[in-house]
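All of the numbers you see were taken from the coordinates with simple rules; none came from a lab. Nothing here was measured: the structure is a model prediction, and the numbers come from that model. Positions of Cβ are backbone-derived with ideal geometry, glycine not excepted, and every protein chain shown enters the neighbour counts.
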Amino acid sequence: MTTIEKKIWPESFELIQSGAKTYDLRLADWEVANGDTIIFKEWDPKTEKYTGRELTRQVGYVGKTKHWQVWPTKDIETYGYQVISLLPPEVPQVRVGVGVFIMKDGKFLMGKRHNAHGDGTWSIPGGHLEFGETPEETAIRETLEETGLHIKNVRFGAVTNDRFEEDGKHYLTVWIVSDWESGQEHITEPDKYDMMGWYDFDNLPSPLFLPWEQLLKSEFIHALKSL
């Protein structure tokens, strides 16, 4: 197996990095085979310098066109080729969601969800666990992104197994408990929330986001209510 370095323009770099582009079209004046590794080094044509960003990808299928005689030369000259990237069928996966209880004066912050699964229901701030994060780190990041608040004493509160049958989604929800540290709550992402407010377990808004059904009947609820 060989490791190969190749120059790549910023637009293609971004498409490959995001996963939108799963192929690379190159002149076949160099050798590459299945199993090789390519290091794509981003090149800025405006500055004519490398940017320092790199992507590493393993090579799968390699197709070469020199001896292809599939279409008449006239058609090729008229239409050219189009390269089609084929993605594997999507396999349902269990994702990890993180919900954050932000405790302040005996209450916790909740928001009415908007433009997401659970649209129109209420829940605490939160989001997806990103690669390399701990649930506590996700809680700190999502709280700041969604509410503008800083939190402290971030700790585990509960975990629930939540299936959204209508949406075809399955989540393991980690419920994190924290204390308000600083900041004034406000809706920083209006595409996700309609409104926010402070509540307690004796005064919950309605309707609640589906994972709350599991939480309210879980073994963790008594400890959470005593916060």
**OP:** Name the long-range amide H neighbours of MET103: under 5 Å, sequence gap of 5 or more, or other chain; modelled H, no Pro or chain starts.
**Re:** SER178, ASP179, TRP180
**OP:** Tabulate in residue order the Karplus-calculated ³J(HN,Hα) for region 116-125, using 6.51 cos²θ - 1.76 cosθ + 1.60 with θ = phi - 60°, rounded to whole Hz; enter x for Gly and Pro.
**Re:** 8, 5, x, 4, x, 9, 9, 7, 7, x
**OP:** Pick out which of ILE76, ILE102, ILE38 has the largest mean-square fluctuation in a Gaussian network model of the chain, springs linking Cα atoms closer than 10 Å.
**Re:** ILE76
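State which entries of LYS41/LYS192; LYS7/LYS64; LYS21/LYS46; LYS104/LYS192; LYS6/LYS74; LYS6/LYS66 exceed 26 angstrom in Cα-Cα distance in the structure shown. Could the numbers behind the result be given before it?
Working: LYS41/LYS192 36 Å; LYS7/LYS64 20 Å; LYS21/LYS46 23 Å; LYS104/LYS192 23 Å; LYS6/LYS74 32 Å; LYS6/LYS66 21 Å.
Flagged as over cut-off: LYS41/LYS192; LYS6/LYS74.
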**OP:** Output ³J(HN,Hα) for region 97-112: one whole-Hz value per residue in order, computed from phi by the Karplus curve 6.51 cos²θ - 1.76 cosθ + 1.60 with θ = phi - 60°, and x for Gly and Pro.
**Re:** x, 10, x, 10, 7, 9, 8, 8, 6, x, 10, 9, 7, 10, x, 8
**OP:** Place +1 on the Cβ of every Lys and Arg and -1 on the Cβ of every Asp and Glu in the chain, take the dipole about the Cα centre, and give the residue among ALA223, PRO190, PRO205 whose Cα lies farthest towards its positive end.
**Re:** PRO190
Subject >> Mean ellipticity per residue at 222 nm, deg cm²/dmol - from DSSP H runs of n ≥ 4 across the chain, formula -39500 (n - 2.57) >> reply: -4500 deg cm²/dmol
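What do you get when you divide the Cα radius of gyration of region 1-135 by 2.2 N^0.38 Å, with N the number of residues?
Details: Rg = 23.1 Å, N = 135, 2.2 N^0.38 = 14.2 Å.
In units of the 2.2 N^0.38 Å rule of thumb, it is 1.63.
Just to confirm the filter: which GluC sites (Glu not before Pro) across region 1-57 are DSSP coil and have at most 13 other Cβ within 10 angstrom of their Cβ? Walk me through the numbers before you get to the answer.
Working: sites: GLU5, GLU11, GLU14, GLU31, GLU42, GLU48, GLU54; in loops: GLU31, GLU48.
Hits after loop and neighbour filter: GLU31, GLU48.
What ranking of SER12, SER182 emerges when the number of other C-beta atoms within 10 Å of each C-beta is taken as an exposure proxy, fewest first? Working shown, then result.
Numbers: SER12 15, SER182 9.
Lowest to highest Cβ neighbour count: SER182, SER12.
Based on the Kirkwood radius over alpha-carbon pairs, what value in µm²/s does the Stokes-Einstein equation return for the translational diffusion coefficient of the chain at 4 °C and 1.567 mPa s? Walk me through the numbers before you get to the answer.
Values: Rh = 21.7 Å.
Answer, rounded: 60 µm²/s.
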**OP:** For the chain, build the charge dipole from Cβ charges (+1 Lys, Arg; -1 Asp, Glu) around the Cα centre, then report which of GLY118, TRP180, THR78 sits farthest towards its positive end.
**Re:** THR78
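Nearest 20 debye, what's the magnitude of the dipole of the chain about its Cα centre given +1 on Lys and Arg Cβ and -1 on Asp and Glu Cβ? List each step's numbers first, then the result.
Working: 25 positive and 37 negative charges, 103 e Å.
In total the dipole reaches around 500 debye.
In what sequence do THR3, THR121, THR173 fall when counting other Cβ within 10 Å, fewest first? Write out the running numbers ahead of the final one.
Working: THR3 9, THR121 19, THR173 23.
If I rank by nearby Cβ atoms, fewest first, I get THR3, THR121, THR173.
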**OP:** Enumerate the calculated ³J(HN,Hα) couplings along region 14-20 in order (Karplus 6.51 cos²θ - 1.76 cosθ + 1.60, θ = phi - 60°), each rounded to whole Hz, writing x wherever the residue is Gly or Pro.
**Re:** 5, 5, 5, 4, 6, x, 5
Original post:
Hey, in the GNM for the chain with a 10 angstrom Cα cutoff, which one of PRO45, PRO190, PRO92 fluctuates hardest?
Top reply: PRO45
